[in-house]
1. Among the residues of the range 177-205, count how many are in a helix (DSSP H, G or I) and either more than 27 Å from the chain's Cα centre (by Cα) or surrounded by 12 or more Cβ atoms within 10 Å (Cβ to Cβ) (or both).
2. Take the residues of the range 52-76 that are closer than 15 Å to residue 130 by Cβ and not in a loop (DSSP other than H, G, I, E, B): which is nearest to the chain's Cα centre (by Cα)?
3. Before we move on, is residue 153 within 21 Å of residue 253 (Cα to Cα) and part of a strand (DSSP E or B)?
4. Name the residues in the range 77-90 that are in contact with a strand residue (DSSP E or B) (Cβ under 6 Å, 6 or more places away or on another chain), surrounded by 15 or more Cβ atoms within 10 Å (Cβ to Cβ) and in a helix (DSSP H, G or I), would you?
5. Test residue 14 against the stated conditions and say whether it is without any contact (Cβ under 8 Å) to a residue 60 or more places away in the chain, under 20 Å from residue 163 (Cβ atoms) and not in a strand (DSSP E or B).
6. Could you identify the single residue in 55, 65, 42 that is surrounded by 14 or more Cβ atoms within 10 Å (Cβ to Cβ) and out of contact with any strand residue (DSSP E or B) (no Cβ under 8 Å at 6 or more places or on another chain)?
7. Considering only the range 239-274, state which residues are part of a loop (DSSP other than H, G, I, E, B) and out of contact with any strand residue (DSSP E or B) (no Cβ under 9 Å at 6 or more places or on another chain).
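No value in this document is a laboratory result; all are computed from the given coordinates. Everything numeric in this text was worked out from a predicted model, so none of it was measured. Note that each Cβ is placed from the backbone with ideal geometry, even for glycine, and that neighbours are counted across all protein chains shown.
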């Protein structure tokens, strides 16, 4: 049996990030072979990933950022099992590095991001290593990118909610503050679409049916049910579509009014919001 030194254990720990005891056990099992020990630790990570596959991973980190010229914005969600792990700086840093990589490599979706090279291996393989280290299920569940004339990103304190938005104009007075207000609005009010014409027809159908059922339960006459349902749908549009929502910083205005006061043609062309547990 090879004589495993503390220096060798520490070297393996520095390279892999695994715990001291895990590194020592791997080196003992590998009879001192450093590369084989690394492979053992990776396999441990894969084993942990498999055994945790049926666990809930509702905690995690949600981050967002824009690219260098602010024409693209990206958002990412990395899930884990516990709040304790979610607050671990190593997990936050890993999510940030993956997000940065996605922007740098111009990844278009989660599949491309998982396959992207990171430290000589894929993002997915790096994540498996991290699973072995934390002992928790980790899941890179979302990665989305939007484009526009000017994009903005917002991360709510605590990394549980983030949002990105793209505007169609750049040369507008106060555009930086306007963009910041828009992404904060999205994070706070969780709109389902930009405008009422952008709402998924299935959502509209569902809202109408809910409105009808509510009217009937309230004992309204059948000839009034349709009209009441339409009224409730219009209220839904006002509360749940971004441009028609009350502007959170000035409730007498809608978001649309806030934008057009700055420039008559200014509007939002894309947005995305991610929140843990939603």
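1. Qualifying residue count, the range 177-205: 17.
2. The extreme case among them is 76.
3. So residue 153 fails the test.
4. Answer for the range 77-90, where residues must be in contact with a strand residue (DSSP E or B) (Cβ under 6 Å, 6 or more places away or on another chain), surrounded by 15 or more Cβ atoms within 10 Å (Cβ to Cβ) and in a helix (DSSP H, G or I): just 86.
5. When the stated conditions are applied, residue 14 does not pass them.
6. 42
7. Selection gives 248, 249, 263, 264, 265.
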